[in-house]
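Shown next, in structure tokens, is the structure this report addresses.
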Amino acid sequence: MEFGMFHEFPTLGTRSHAECFDEAWAQIDAAEAGGIDALWLAELHFAPERSVLAAPLTIASAIAARTRRIRIGLAVQVLPLCHPLRLAEEAATVDQISRGRLIFGVGRSGVVATYDAYGVPYNESRDRFLETLEIVRRAWTEPTFSHEGKHWRFKDVSLVPRPYQQPHPPIRMAASTSETYAMIGELGLPIFVSARTVPWSELGPAIGRYRAAYAAAGHKGAAQIFVSVPIHLAETDAQARAECEHSLLSFYRYQARLQADSAARSGAAGAARAQKAERMKNLTYEEARENHLLVGTPAGVIARLAAKRDEFGIDGILAEMNCGGLIPHAQVMRSLQLLCSEVMPRFR
């Protein structure tokens, strides 16, 4: 089972941006030393209250230079906001610098305000996503290519550098809406799902739709499922619960405001977002622990994770070690150490 650490480079309340980067580097160094398989980077824009991670490929390049073993994943690169050729060049460059350690995670994001700020209509996000993905793949695999599409047109383009991994870095795709699961299955890509805002009880049917579409499309090999989930570990259950309660509840209230804003910007299509916003607004900590989180002692988290792995057929997790960004650095480091030394060995 693959163990990844998901990171948002959180702004941590009143800390300076320099301090945010310093603490993130320390956690990444500990993940490399502790045997974490992959470091996953978010892409978040115009959110000074939340994150400084607006340029994931730049961060990925820095991680590649300071590490030797850990794989570097994007979770996710928001394709509709990118120029496809520039993206293909930069991602291939990171793959070369890292000597083939890049995992190209892609998605659309549901934050409509970001699209508004970039001047990209959100109702074009699906078409832009699929066209950009096609262009990036062709740029990586064809010596010279031309493209005539709805949003982009290129003639006789030859990309340099080529990716280190051939034919290209592995691609994984995030499911952001209900119809996305089947689409990812049809494309034959490994899937990211997130337990932090979707209850475990809803993930099973959604993953089932993905697997059915994957099989119906005739893809070879088994479908692969990777789950992003907030995790916090401590020596006792009471300690683990207390250390992360404020941060996690702050996260859900923040998500409620974010979803409500996206709903308001989406017009008639925003009803589902509005419902999600209301649920996040009223979510209790006990409900979150039961339906979205893995919080407790190593033994307790091992038992719950093993049950979820068997229930959903999980191939790996993206452990979100500081969901909400307000857990003190020392506690995050201790939780990460327990994950590496006590939890991971039980799944090898």
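Every read-out reported here was derived from the displayed coordinates using simple, explicitly stated rules and does not represent laboratory data. Treat the numbers as computed from the prediction; the structure is a model and nothing was measured. A quick note on method: Cβ atoms are made from the backbone with ideal geometry, for glycine too, and the neighbour counts reach across all protein chains shown.
At a glance:
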| item | result |
| --- | --- |
| Between helix 84-97 and the chain: long-axis angle, C-alpha atoms, 0 to 90°, nearest 10 | 60 |
| Size of charge dipole - the chain - debye, nearest 20, with Cβ of Lys, Arg +1 and Asp, Glu -1, no other charges | 520 |
| Alpha-carbon centroid distance for the pair the range 329-344 / the range 203-237, whole angstrom | 24 |
| Note, ³J(HN,Hα) from phi for the range 304-321, Karplus 6.51, -1.76, 1.60, rounded to Hz, x at Gly and Pro | 5, 5, 4, 5, 5, 4, 5, 5, 9, x, 6, 8, x, 10, 10, 7, 8, 7 |
| Sequence-distant residues sharing a close amide H with Arg71 (under 5 Å, placed H) | Ala38, Leu39 |
| Helix-only mean residue ellipticity at 222 nm for the chain, each DSSP H run of n ≥ 4 adding -39500 (n - 2.57), per residue, nearest 500 | -15000 deg cm²/dmol |
| DSSP beta bridges in the range 46-181 [antiparallel fraction, %, rounded to 5] | 30 |
| Dimensions in Å of the chain - Rg and Dmax from alpha carbons | 19.5, 62 |
| Relative packing of peptides 144-151, 238-245, 164-171, 107-114 - highest average C-beta neighbours within 10 Å first | 107-114, 238-245, 164-171, 144-151 |
| Virtual spin-label span in nm between His17 and Arg66, 7 Å along Cα→Cβ | 1.7 |
| Highest to lowest packing among 269-281, 92-104, scored as the average C-beta count within 10 Å | 92-104, 269-281 |
| Test item: Cα-centred dipole of the range 189-302, Lys/Arg +1 and Asp/Glu -1 on Cβ, debye | 620 |
| Burial order of peptide ranges 70-76, 313-319 (average beta-carbon count within 10 Å, highest first) | 70-76, 313-319 |
| For a label point 7 Å along the Cα-to-beta-carbon line of Ser341, residues of the range 34-50 with backbone N under 15 Å | 34-36 |
| Fraction of antiparallel bridges per DSSP, the chain only, in percent to nearest 5 | 10 |
